[in-house]
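The values are calculated or read from the model by the stated rules, or taken from the named source; none is laboratory data. Predicted model only: the values in this text are computed from it and were never measured. As a convention, Cβ positions derive from the backbone with ideal geometry for all residues, glycine included, and neighbour counts pool all protein chains shown. For accessibility, only protein heavy atoms count, side chains too; no ligands or nucleic acids. Shrake-Rupley method; radii C 1.70, N 1.55, O 1.52, S 1.80 Å.
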Amino acid sequence: MKQKAEIQMADIVFIGSFNPAIFSPAWFASKKLIGETESEGSDVKVIHPDITMFELPWFRFYTTRDHFSVLSEQEVYFSSVFDLAVGTFQLLEHTPIQAMGINREFHIQCDSEKEWHDFGHLLAPQSPWEGILKKESALKKIEICEKYSPENPLDGKLTVIVQPSNRVRFGVFFSINDHYSIDAQEKASGSKKIISRLQKKWKESNEKSETIVSAIIDKFLKRS
Amino acid sequence: MNTALAETYSNFSRVETNETFLREDEKPIEISEQRIRSFLNESKESSTQPHEEAKEKNDSNILPFPLKDDQPLIALAPKMQIQHRTFNSSIKWEGYVIKVYNDSFLARITNLSSKYPDEEVEIEKEAISKDDLPLVKAGSVFNWHIGYETEHGTKKQSSIIRFRRLPVWTKSDIKIAEALEKELNNFLYF
């Protein structure tokens, strides 16, 4: 099994109240959050008061009235995703945002079909199912989350999903969602609180996600 | 089957999961699959009737579905395609510009993939995208990754330099900074 992901993705999602129609590539370019040439070459799917979707070669943008998402599948641009998200809501600082997700996805290639199954069996052992299921069991999806501590809401809530990859043959897909939310009083301050939390947590959250994936692969490779 | 009916069928999955629909008066109602099926049968017969007339005929708990081909119930959002271009970084540096020359710039770079000491390098401006050229100034931060770009299954080695578009300074940020500077000056020269 390879330690390095074949495909990676970084995605910043905000939940709040947005005005999708203003988010056009030209608007981002006018605010110098993307380049002019990039803006001209963008693939606009839709710009509408309810939804805006467009793509550039390095990122995808999607927003509805209550959801804002910017993602990239090219590691060199992950910092640009952060810059775009932070820059946007430093300009639109009165936009009410109540929650944020720093999401990472990894598609890891296994060396063989056997290794692929073995990895699934490590996470979801077959033994409890022996005699219950008629045929051999296989892992379809597993979702694990860290216990949320209400005393430390700033720590966020981490959820890891592992399932077979649909993009890499005999690949394992990891999806990690690091979720942060703020209370109603903080929400009244617009986007400042959540943006400041994003600035504080971005690096830490990314490192945490990468460590989780490499640690579980390490554990698998070192199994006796 | 006309477009409106096709769209309505696509809503069956929502009904099966017992999701609740909201009417205009915001009173939650549950619609069973059986009721929708009976509604659809009625609609097929009355699909030529004007919308309002058909609405009156229906059960009060049924949402008023448009019945003409040119009045779709919902507009489906376009699907985002899977990106066929991916970039896998092998070596990653983060750097900042020290000095800008006519055709190149001097930068200090830190290897993020291993613990090598920082290096000073001269990078030609030709390696920078047209959009990023105005960002090449002393102090600007950039990412430099060397790796493999895969597009439609074809792999090629590639090097990308991307300048950070670091968050803008807002007027309130500048005001806060100026106030802090004043406070610090007062403290130091008191």
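Within the set A:K4/A:K203; A:K2/B:K92; A:K114/A:K147; A:K157/A:K222, which residue pairs have Cα atoms separated by over 21 Å?
As for pairs spanning more than 21 Å Cα to Cα, those are A:K114/A:K147; A:K157/A:K222.
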Using a 1.4 Å probe on heavy atoms of the protein chains only, the accessible area for A:C145 in Å², nearest 10, reads 80
Length gained if A:E130 through A:K192 is fully extended, taking 0.36 nm per residue and subtracting the Cα-Cα distance, is 17.0 nm
Value of relative contact order over chain A, rounded to a whole percent, pairs C-alpha under 8 Å and six or more apart
23
How would you order A:66-78, A:163-175 from highest to lowest mean count of nearby Cβ atoms within 10 Å?
A:66-78, A:163-175
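Once you keep just the Cα pairs under 8 angstrom separated by 6 or more residues, what percentage relative contact order results for segment B:85-163? Display every interim value, and only then the final one.
Values: 167 pairs, mean separation 27.8, N = 79.
Relative contact order, segment B:85-163: 35 percent.
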Against the rule of thumb 2.2 N^0.38 Å, how large the Cα Rg of chain A comes out:
1.15
Cross-link pairs beyond the 25 Å C-alpha cut-off, checked among A:K32/B:K137; A:K135/A:K208; A:K208/B:K175
A:K135/A:K208; A:K208/B:K175
Would you calculate the convex hull of the Cα atoms in segment B:85-163 and tell me its volume per residue in Å³?
88
Under a GNM of chain A (C-alpha, springs under 10 Å), which listed residue has the highest mean-square fluctuation: A:A26, A:A138, A:A99?
A:A138
How far, in degrees from 0 to 90, does helix A:78-91 lean away from the longest principal axis of the Cα atoms of chain A, to the nearest 10?
40
Roughly how much of A:Y148 is accessible, in Å² to the nearest 10, using a 1.4 Å probe?
110
